[in-house]
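Read the structure below first, then the notes.
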Amino acid sequence: MTVTVYVPRDSSALALGANEVAKAIVRQAEARGIELRLVRNGSRGMFWLEPLVEVATVRGRVAYGPVVVEDVPGLFDAGFASGAPHALLRGVTDEIAFLKNQERLTFARVGITDPVSLDDYLAHDGFAGLRRALCMAPAQVVQEVLDSGLRGRGGAAFPTGVKWKTVLEAPAPQKYVVCNADEGDSGTFSDRMVMENDPFMLIEGMAIAAIAVGATRGYIYVRSEYPHAFAVLHEAVASAYMAGYLGARLCGSAHAFELEVRKGAGAYVCGEETAMLESLEGKRGIVRAKPPLPAIAGLFGQPSVINNVITLAAVALIMARGAPFYQNHGMGRSRGTLPFQLAGNIKQGGLVEKAFGLTLRELLVDFGGGSANGRPIRAVQVGGPLGAYLPESQFDTPMDYESFAAIGAAVGHGGIVVFDDSVNMATQARYAMAFCAAESCGKCTPCRIGSTRGVETLDKIIANEKRAQQIDLLRDLCDLMQNGSLCAMGGMTPFPVLSALNHFPEDFGASAQTAAPTTMPATSKGRS
């Protein structure tokens, strides 16, 4: 009887030796005369257990992890080929609490299928959404996305259907669909996981977007630091072309859609949609002034849909299952699910897809298991390096766009970075300003000069040089950056700085009584 074993090909698992483990499993099976079928699946998102090896049994897939090469002979001796007990046994994979308690909609296939197997994708409802879209008028597809309540998952949270409707109604000889896969926020990896572990879902979402707005060309702008994602996408795109899911006649229809994968220029600011467009056009990645909006004059001056990976991946699901199915998840104006990413000082780091509405504390404790070193969690940064630092008193805030905006924070791309009670928040505030100074495109003065002056001011605060005066100056500077910057790079840098100052005044040599109100005006100048 053939034994089927799954070893992840996700780059997180590869970094921890998954390729070597896979080779060791093959060698042991050959030496023991065991007929083996090895499948290189995607990661389940439980990074503290990587490499996570699964075996198909009559009970379902059984998981062992984290497995290193030295463990493989002992696993075979124990009978892991039949799911037998071992010190590394984690039980039936689907019953592991971290996975069982999620709502995996967008990530339903991730970790289950072979990412580059088109047959696997089709066997798990792949391209069902595209086939449905091909039977609808473009305006009907746009309305379906509008009715779902889907908002951009890249940070700005702009209603996806509204953006698509604008492009649909814009007259032009050529329209584009651009996927912003320049995932550069700290603590984020959901885009990478989709590209590496379920690339056909992204291709399907982009093809649906093309049908909806009348676009015939598309580009996936992948950050240069993602070589595995880049390679997997190239392989998946080639397979999609061969099978007729891309090209001159999508699935034999009259719709055409040509898709290319492009490597990013290595700048954080290229995650901002207009800077990304400049880079795609072969220019230096600097932010464009708006208007005109990219939906009117985007890539090469033509109307362009620009969404990030998770947004487009969700579209494939929405079209396959229908808008009401997706709309029934979430709360308020935050509909559907978001893949939250746990990183930093956390015991169980990884990806958690849940409907909007659970609390930050539930993510940190129920899924994350608390800090990795057992110390109390003092602060959590949500939404990347430009996200606010939240104190323990705000951990019960529901994870949805409006609730976070009400406390001067942003859910953003769903990245969560955890800090224990040894962190110095003044140092973290300085890091935010220094990051902005290093990554600013330099086009606008508030961001270019403000961030540099911010670092200098924070250095004086930390050194106790006229501290009270410098804190007032820092607040004024943040106000200028927030309201005067051209894009989110400078406009959101005040979020981490002011949240650190407001919630942790003692680290700045101030008392809690002198801290300013914790709310800040929300900004819509996020990443696409």
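The values are calculated or read from the model by the stated rules, or taken from the named source; none is laboratory data. Not measured: the values here are computed from a predicted model. Note: ideal-geometry Cβ built from the backbone for every residue, glycine included; neighbour counts use all protein chains shown. Surface areas here come from the heavy atoms of the whole protein model, side chains and all, with no ligands, DNA or RNA. Shrake-Rupley method; radii C 1.70, N 1.55, O 1.52, S 1.80 Å.
Things worth noting here:
- Annotation for residue 402 and residue 422: the two label points, set 7 Å from Cα along the Cα-Cβ direction, are 4.2 nm apart.
- A simple charge model with +1 on the Cβ of Lys and Arg, -1 on the Cβ of Asp and Glu and nothing else charged puts the dipole of segment 263-302 at about 80 debye relative to its Cα centre.
- Cβ crowding within 10 Å averaged over residues, with 324-337, 463-476 ranked highest first: 324-337, 463-476
- Only one residue of 250, 232, 58 has its Cα farthest out toward the positive end of the dipole of the chain, where Lys and Arg carry +1 and Asp and Glu -1 on Cβ, and that residue is 250.
- Normalised contact order of the chain, rounded percent, pairs of Cα under 8 Å and 6 or more residues apart: 14
- At R0 = 51 Å, FRET efficiency that the Cβ-Cβ distance of residue 506 and residue 321 yields, to 0.05: 0.55
- Among 53-62, 173-182, sorting by the average number of other beta carbon atoms lying within 10 angstrom of each residue, highest first, gives 173-182, 53-62.
- Descending by average beta-carbon neighbour count within 10 Å, the peptides 144-152, 161-169 line up as 144-152, 161-169, the highest first.
- The residue list 212, 462, 390 was ranked by how far each Cα lies along the charge dipole of the chain toward its positive end, using unit charges on Cβ atoms, and 212 comes out on top.
- Inter-part distance, segment 396-421 to segment 27-62, computed on C-alpha centroids, equals 36 Å.
- At q = 0.11, 0.14, 0.16, 0.18 Å⁻¹ the log10 of I(q)/I(0) for segment 197-334 amounts to -0.44, -0.72, -0.93, -1.13, computed by Debye summation with a single uniform scatterer per C-alpha, solvent ignored.
- For the pair residue 103 and residue 84, the difference between a 0.36 nm per residue extended length and the Cα-Cα distance amounts to 4.0 nm.
- Rounded to the nearest 20, the Cβ-based charge dipole of segment 223-276 about its Cα centre (Lys and Arg +1, Asp and Glu -1) stands at 120 debye.
- Bridges between two residues of segment 1-62, per DSSP, are antiparallel at a rate of about 55%.
- Placed amide H near residue 266: partners under 5 Å, 5+ positions off or other chain: 224
- Were the residues from residue 123 through residue 456 laid out at 0.36 nm apart, the gain over their Cα-Cα distance would be 114.1 nm.
- Lys, Arg +1 and Asp, Glu -1 on Cβ, resulting dipole of the chain about Cα centre, debye, nearest 20: 920
- Given charges at Cβ of Lys, Arg, Asp, Glu: the chain dipole, positive-most of 486, 49, 417: 486
- Accessible-area value, residue 26, 1.4 Å probe, nucleic acids and ligands omitted, Å²: 50
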